[in-house]
1. So which lysines can Lys98 reach, going by Cα to Cα under 22 Å and dropping same-chain residues fewer than 8 places off?
2. Quick one: what Rg and Dmax do you get for the chain from the alpha carbons, in Å?
3. Given a 10 angstrom Cα cut-off, can you work out which residue in Leu77, Leu62, Leu145 is the most mobile in a GNM of the chain?
4. Within a 10 angstrom radius of the beta carbon, how do Lys93, Lys98 rank from fewest other beta carbons to most?
5. R0 = 30 Å: FRET efficiency of Asp73 with His19, Cβ-based, nearest 0.05?
6. Could you give the angle, 0 to 90 degrees to the nearest 10, between helix 38-68's Cα long axis and the longest principal axis of the Cα atoms of the chain?
7. Note the full-extension length gain between Asn155 and Asn128 as 0.36 nm times their separation in residues minus their Cα-Cα distance, in nm to one decimal.
8. Run the quick spin-label model on Val140 and Gln116: label points 7 Å from Cα toward the beta carbon, then report their separation in nm to one decimal.
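No value in this document is a laboratory result; all are computed from the given coordinates. Since this is a predicted model, take the numbers as computed values, not measurements. Note that we place each Cβ from the backbone using ideal geometry, even for glycine, and neighbour counts take in every protein chain shown.
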Amino acid sequence: MQPNPPVPRSATVDDKGVHVTTAAGKSRTYSGGEVMTLTQVIDLAEGSATLCQSTTETCLELMDEAEELAAADCDTLIAEITEKGVGANLIGKCEVLKEQLDLQAAAAKDLHDKIQGGEEACRTASANAEVRHGGIFRAVADSPLTKPAQRDFYNAR
């Protein structure tokens, strides 16, 4: 049985928990250890993957901005200062600024790569949850029984 491909779900995080919009368009909030059903696990994993995806996009934007500032603006500023002969001290400070921007770009790239791995893990967990546990979940959900068996049933050999 092949699972349906993962579908991005919108999600937001605040002090009350993770708010996920499900495939049916309903909004659910998860504040801690309250995930109880397979559907909720899948929704939460997809919502987390969507948050990771938007965060990786932000990291790439920060990386691009830092690289642009370092390459274009700092180099231009250093060239202008050198041309005007203002002083080596100011050029040194611009060089330090350029190095810091390069470090910021590298940190944003590193964070992007790590979060992207988290996104892939969330999507894999979502897909695997249905494949591995979907059958038993549907069997329990479709069962006419309304309460668990007595303890002796589970302890019988």
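1. Candidates past the 8-residue exclusion: Lys84, Lys109.
2. Calculated on Cα positions, Rg and Dmax stand at 25.6, 90 Å.
3. Between Leu77, Leu62, Leu145, it is Leu145 that shows the largest mean-square fluctuation.
4. Lys93, Lys98
5. According to the calculation, E is roughly 0.20.
6. 10
7. Here the answer is 6.8 nm.
8. Rounded to a tenth, the inter-label distance reads 3.7 nm.
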